[in-house]
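Inspection log for the structure reproduced underneath, given as structure tokens.
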Amino acid sequence: VTSYAGHDALRSAHRQAIPQSKLEEMGLRRVFLLAALPSRELFISQDQLASEQKRFGDLLQGNFIEDYRNLSYKHVMGLKWVSEECKKQAKFIIKLDDDIIYDVFHLRRYLETLEVRQPGLATSSTLLSGYVLDAKPPIRLRANKWYVSKKEYPHALYPAYLSGWLYVTNVPTAERIVAEAERMPFFWIDDTWLTGVVRTRLGIPLERHNDWFSANAEFIDCCVRDLKKHNYECEYSMGPNGGDDRLLVEFLHNVEKCYFDECVKRPVGKSLKETCLAAAKSRP
């Protein structure tokens, strides 16, 4: 889980939503990926991070400074660490951002199904599965946070890539991506670089599961409401939290019952697009 070092409340929400002990029962382990605190960080100290690590043992901190232009370092750090430290134990890697809502029960079932129905892909060195963003041009407007100069990226289009919100891979694939990335010029937009540019060099296809995702945090909010009130299955398994740290806790605590056959399909004419009215949330 890529996490800004100062997002201690958000990491706490992840642990409240599903503790490590329960993840272990599902054969999963959660690790938060952090970087070094910038000098401008006033709300958390390295001593506090050390205390958090002593209590939970789930932090991995790099020696580069927290900055959105260093996200590629953090992303590579995570893939490399799993490839080296968990190579014998880990069948799969789920990479996600800390502000993303995710249905861990859906993901666990997907991995089980993948092993049974596509065992060749599950163990291959070509597994990249998630939300596919098709080829699009870099942002060339200097005032934009995501401005990319032609010196940084000279081509007219990015290759198709996976959203860094959440995707699934495995150790053999991660090893190839890390090795190739270390031979290539650095590029700071991490998901575009690693699952787009680097992936293309390796000839790895993308598994498209765009139907898992909602871009609207409001829909996730409405899912929680309808799970509580009607036991309606949620149409989406992943999406942004819209700045609401508690939404992941609410979502996971309510969606779990659907995996014990306690939920029903949404009736015709009752889709979220047709019925969701929720307070607007911030955009990622």
Note to self: Looking at the structure I just gave you, is N241 under 19 Å from L166 (Cα atoms), under 22 Å from the mean Cα position of the chain (by Cα) and at pLDDT 95 or above?
What the structure shows: yes
Margin query: For the range 11-26, which positions are in contact with a Leu (Cβ under 9 Å, 6 or more places away or on another chain) and more than 14 Å from L252 (Cβ to Cβ)?
Written below: R11
Next item on the list: Mind listing whichever residues of the range 223-243 are surrounded by fewer than 20 Cβ atoms within 10 Å (Cβ to Cβ) and farther than 21 Å from Y110 by Cβ?
Entry: R225, K228, K229, H230, N231, G243
Check: Is it true that some residue in the range 154-163 is touching a Phe, Trp or Tyr at 6+ places or on another chain (Cβ under 9 Å), under 18 Å from R201 (Cβ atoms), outside any loop (DSSP other than H, G, I, E, B) and assigned by TED's automatic domain parsing to the domain that holds E207?
Finding: yes
Next item on the list: Could you grab the pairs with beta carbons closer than 7 Å, sequence gap of 6+ or different chains, first residue in the range 78-103 and within 18 Å of L128 (Cα to Cα), second one of a type in the set (D, E, K, R) and crowded, with 19+ Cβ neighbours inside 10 Å?
Entry: G78/K95
Checklist line | Evaluation of Y259 against (1) more than 22 Å from L71 (Cα to Cα); (2) hydroxyl-bearing (S, T, Y); (3) buried (at least 20 other Cβ atoms within 10 Å of the Cβ) (one fails), failing number | finding: (3)
Note to self: One residue is enough: does the range 19-27 have a residue meeting the conditions under 17 Å from the mean Cα position of the chain (by Cα) and not polar (S, T, N, Q)?
What the structure shows: yes
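The values are calculated or read from the model by the stated rules, or taken from the named source; none is laboratory data. Fair warning: this is a prediction, and the values are worked out from it, not measured in the lab. Ideal geometry is used to build each Cβ from the backbone, glycine not excepted, and the neighbour counts take in all protein chains shown.
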